[in-house]
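First up is the structure itself, then whatever we jot down about it.
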Amino acid sequence: MSLFAIALITVGALAHAAWNLISKRAAAGGVAFLLVGALASTLVWAPVAVWTLVVTPTSWTALFVGSVVSALLHIGYMLLLQHGYRVGDISVVYPTARGSGPLLSVIFAIVLFGERPGASALIGVALIITGVLFIGLSDLRTTNAARTRVGVVFGTLTGVTIAIYTIWDAHMVNGAGVPPVALMVGCSLGESIAFLWMLLGRRPSRPARSADASSTSDAGRLSALAGGMRDRLRGQADDARRQVAETVRSSWRPALVFGVLSPLSYVAALMAMRIAPVSLVAPAREVSVVFVALASWLIFREPSPVRRLIGAMVVLAGVMVLAF
């Protein structure tokens, strides 16, 4: 793999680690924070996307289909990961997802794209995945066995979505010729619509006005039903506006960081996939796990520093094997 591809992957990994660390406390904002972050991504990067579409002839059908499918896959990834965190331990779910995702991406790239990485490249991939799992499982404790099994299941399912959206997006930028920034903005716009729909679909915090029991005529019942539905929709819209406004007030800085760095991290990876095999880029970008692990130890004083350092060195050794 070329040094330029390594540089793109490193920039993307740093951006991915940075926005995860900076946005860590804002994650409690839930869907509202994801909506604000996706909107920020769309607005910040839209001018760049327009420029890339002007200078690069692109099929609008490919852009639309690619963006819709990519958005659905990324949303599925987020929902599976969140559910995995609820039913399992993060120390099991996260490393399983980040380790199985690139492994499956390598397999899919070999099967679907006909890529044939050499022996040294496969050794580098194996080192990276081993190091990622070693870092992630450094805090694994022998707790409830059933909870651990559930965490492994949802971590693996999340890894499957990582592999699928990686392969899909790589196909769109390489096979269909969609510019990476335009694909990312389209995906962010699709995510914004989906997250808004999720917010509006929630039950409002205040009860809708009940129908008047004295309305005995059909016209009266229909009018009361329409009024109740109107009040419910108004309550849902008011709740959504309130949650978004509160998120903007309390977390606009992390949301802006999310809007700039999250797309940057993935655009850098997609650009790397244009000049290097997906089977090498997918595992190499997991070097971000190293940055997050080291920062978690240095900044947040999380335990197991020795295992984290050993895992980091294994990952870096794998990246060096890929580079040289």
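The values are calculated or read from the model by the stated rules, or taken from the named source; none is laboratory data. None of the values given here were measured: they were computed from a predicted structure. Cβ coordinates were reconstructed from backbone atoms using ideal geometry, including for glycine residues, and neighbour counts include every protein chain displayed. Surface accessibility is based on the protein's heavy atoms, side chains included, excluding ligands, DNA and RNA. Shrake-Rupley method; radii C 1.70, N 1.55, O 1.52, S 1.80 Å.
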Considering region 163-184, residues that are open to solvent by 20 Å² or more (accessible area, probe 1.4 Å) and not in a loop (DSSP other than H, G, I, E, B), and then whichever is farthest from V54 (Cα to Cα), we arrive at I164
Determine whether region 231-243 contains at least one residue that is open to solvent by 50 Å² or more (accessible area, probe 1.4 Å), in a helix (DSSP H, G or I) and modelled with pLDDT of 75 or more.
no
Counting only residues in region 43-99 that are small (G, A, S) and either open to solvent by 30 Å² or more (accessible area, probe 1.4 Å) or closer than 14 Å to M184 by Cβ (or both), the one modelled with the lowest pLDDT is identified as S59
Pairs returned, first residue in region 145-159 that is under 13 Å from Y85 (Cα atoms), second residue that is modelled with pLDDT of 85 or more, beta-carbon separation under 7 angstrom, 6 or more apart or interchain, are F154/L80; L157/L80; T158/Y77; T158/L80
Scanning region 61-86 residue by residue, those closer than 20 Å to A170 by Cβ and over 13 Å from the mean Cα position of the chain (by Cα) turn out to be T61, A62, L63, F64, V65, G66, S67, V68, V69
Within region 1-18, restricting to residues that are hydrophobic (A, V, I, L, M, F, W, C) and surrounded by fewer than 21 Cβ atoms within 10 Å (Cβ to Cβ), the one that is modelled with the lowest pLDDT is A18
